[in-house]
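The values are calculated or read from the model by the stated rules, or taken from the named source; none is laboratory data. Note that the structure is a prediction, hence the values are computed from the model and not measured. Counting neighbours? That spans all protein chains shown, and the Cβs are built from the backbone with ideal geometry, glycine included.
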Amino acid sequence: MAAASAAAGSLTSSSNKLPCRFFRSPRGLGFADSIASHDFHALSASHDLHARSASHDIHARSASHDIHAFSASHDLHARSASHDIHARSASHDIHAFSASHDIHAVSASRPQFLFRSISKPSSMSRRRVISAAAKKSVGDLSPAELKGKKVFVRADLNVPLDDAQNITDDTRIRAAVPTIKHLIQNGAKVILSSHLGRPKGVTPKYSLAPLVPRLTELIGIQVVKADDCIGPEVEKLVAALPDGGVLLLENVRFYKEEEKNDPAFAEKLASLADLYVNDAFGTAHRAHASTEGVTKFLKPSVAGFLLQKELDYLDGAVSNPKRPFAAIVGGSKVSSKIGVIESLLEKCDILLLGGGMIFTFYKAQGLSVGSSLVEEDKLDLATTLLAKAKAKGVSLLLPTDVVIADKFAPDANSKIVPSTAIPDGWMGLDIGPDSVKTFNDALETTKTVIWNGPMGVFEFDKFAVGTEAVAKKLAELSGKGVTTIIGGGDSVAAVEKVGVADVMSHISTGGGASLELLEGKILPGVDALDEAVAVVVLRSRL
Ligand SMILES: Nc1ncnc2c1ncn2[C@@H]1O[C@H](COP(=O)(O)OP(=O)(O)OP(=O)(O)O)[C@@H](O)[C@H]1O
Ligand SMILES: O=C(O)[C@H](O)COP(=O)(O)O
């Protein structure tokens, strides 16, 4: 089916019947959602162009506006004379031409990216290749480099389990599958490794065994499980692994040497394999034996598809955003978000604050906050952050009204008050309806939004309204082509609760890792990987 968004204006099709194969937009914004059975040709003279095709080629051309093109399984040809191109193809070539602007091209599984920026020398400095392309990818390895090879894949399969050892959220398992499937389809022997929880020594409740049925189901072949992650028994299982087989090692954290990044332990892990793929974004901020140490003993050491995608959005799209760029930061305490706020203040145009941290800002401004959560030792910091935002010209918005409660409980009495009128004995547990409206109006103007941290105590239904409103607004904006990035942790849980996870541009699988990346820190698990070699062809004129 082919669809044009409400904002698409004068989109026309060469045929009145769907599916369409040709869109021309002389004026309006072109947004085509899904072309099921024909190649997609999109032309826009003066507006942004968003093209998405599940199963056919995309040819996108815009004279003076941005192009966002995604093709799941076919080639992608994008040409923009004077604006940015964001091109992504899961499994095929990308040919991107921009005369004078940035190209962000990510092909998940082709041997190499084809970047052609046909620039005048004066505009060359504007051409940049985002960081996702800076590390060698599993997709850069040829079939010959994978066939019959033993590949050590570090994934983050640290999923929540209930008391009966049932997986309560399989997101991280599903996110690990594309890399594993790619490897087995190329005849590699996959040695899959992960941690689960924070065990002190061998602890049965932290075994990876409960993950085997779900992994087997998602990958489509029986996953073999080892009872250890190193040693002679594991070596035997590796030796018996057929091409295209998957062996899941036991929790690497059963050895204290893992978190100590012990070189001898890393060497033992590495000795099982011929090459290394790190797809464990959620653990990339840890310099552990299986995330960093092994790279000293295995070459090549490359990034998996999930790791690449996380970097693409949380680093690439945030460092070089389409503007206006808004950041929404919430959560409980300002102390845990200082680094993120400071880093985002350098990059964003609009900063919306919510959650428990706002009361420290109110108090710093001399307002009464009742018994709301306040970090007394961070009042000066809050004042400094407000001044920094002003100095940088960032529009920092604090909620204008709050939902207050007479106790911290799901059945508390509640009312809505202006943020200047919080009575003694009451605590703020959510942002109010005026704030939601102000935030929505501010977000309406944006082209990129990143969200980290809930607006209130969303675990209690009564105080989940503000958080859910943000989730819904971001879903709506995603439909209009805004890049929406959910930075991990509780905001992801909120987006999932509202049922809009699928429409967001990117939902991070990392908590701590996404925070550290947003703070601008280098992630050791990424840093240790081999550099990519991108093909960049420059010519002097179109
Ligand atoms: N007004 C408030 N008062 C007290 N707690 C609040 C308030 N608003 C939000 N919270 C709590 O903040 C918690 C989330 O804060 P946290 O700093 O962990 O956010 P997060 O970014 O989602 O975390 P992470 O990504 O590390 O998981 C939630 O449990 C929520 O109940
Ligand atoms: O859940 C996470 O954030 C990752 O799996 C990392 O876990 P850790 O904080 O125990 O290192």
Item to check | Which numbered condition Gly487 misses (of (1) surrounded by fewer than 24 Cβ atoms within 10 Å (Cβ to Cβ); (2) at pLDDT below 95) | outcome: (1)
Checklist outcome for this item: Subset of the stretch 507-533, residues more than 15 Å from ligand 1 (Cβ to nearest atom), in contact with a helix residue (DSSP H, G or I) (Cβ under 8 Å, 6 or more places away or on another chain) and outside any loop (DSSP other than H, G, I, E, B), comes to Gly525, Val526, Glu531
Checklist entry - Do the conditions hold for Lys473, that is, is it modelled with pLDDT under 95 and either surrounded by fewer than 24 Cβ atoms within 10 Å (Cβ to Cβ) or not assigned by the TED database to the domain that holds Asp441 (or both)? => result no
Item to check | Leu429 closer than 26 Å to Ser508 by Cα and more than 26 Å from the chain's Cα centre (by Cα) | outcome: yes
Checklist entry - Of the residues that make up the stretch 352-360, is at least one assigned by the TED database to the domain that holds Pro454 and over 30 Å from the mean Cα position of the chain (by Cα)? => result no
Checklist entry - In this structure, does Ile230 turn out to be under 29 Å from the mean Cα position of the chain (by Cα) and over 17 Å from Asp156 (Cα atoms)? => result no
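Per-residue answers, yes or no, for (1) free of Cβ contacts under 8 Å to residues at least 24 places away in the same chain; (2) touching a helix residue (DSSP H, G or I) at 6+ places or on another chain (Cβ under 8 Å); (3) not small (Gly, Ala, Ser):
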site	(1), (2), (3)
Pro423	no, no, yes
Ile431	no, yes, yes
Thr445	no, no, yes
Asp461	no, no, yes
Ser478	no, yes, no
Item to check | Any hit, the stretch 471-491, residues being in contact with a Gly (Cβ under 8 Å, 6 or more places away or on another chain) and in a helix (DSSP H, G or I) | outcome: yes
Checklist entry - Quick one: Ala327 ticks every box in (1) within 16 Å of ligand 1 (Cβ to nearest atom); (2) over 15 Å from the mean Cα position of the chain (by Cα) bar one, so which box is it? => result (2)
Checklist outcome for this item: Checked Gly479, Gly512 against criteria (under 15 Å from the mean Cα position of the chain (by Cα) and either over 18 Å from Val159 (Cβ atoms) or modelled with pLDDT under 95 (or both)); the one match is Gly512
Next on the checklist: Considering only residues that are assigned to a loop (DSSP other than H, G, I, E, B), in contact with a helix residue (DSSP H, G or I) (Cβ under 9 Å, 6 or more places away or on another chain) and either away from ligand 2 (no atom under 16 Å from the Cβ) or over 30 Å from Leu344 (Cα atoms) (or both), which ones fall in the stretch 285-320?
Outcome noted: Ala289, Ser290, Phe297, Leu298, Pro300
Checklist entry - Just one of the numbered conditions (1) surrounded by fewer than 24 Cβ atoms within 10 Å (Cβ to Cβ); (2) at pLDDT 95 or above; (3) in a helix (DSSP H, G or I) is not true of Lys497; which one? => result (2)
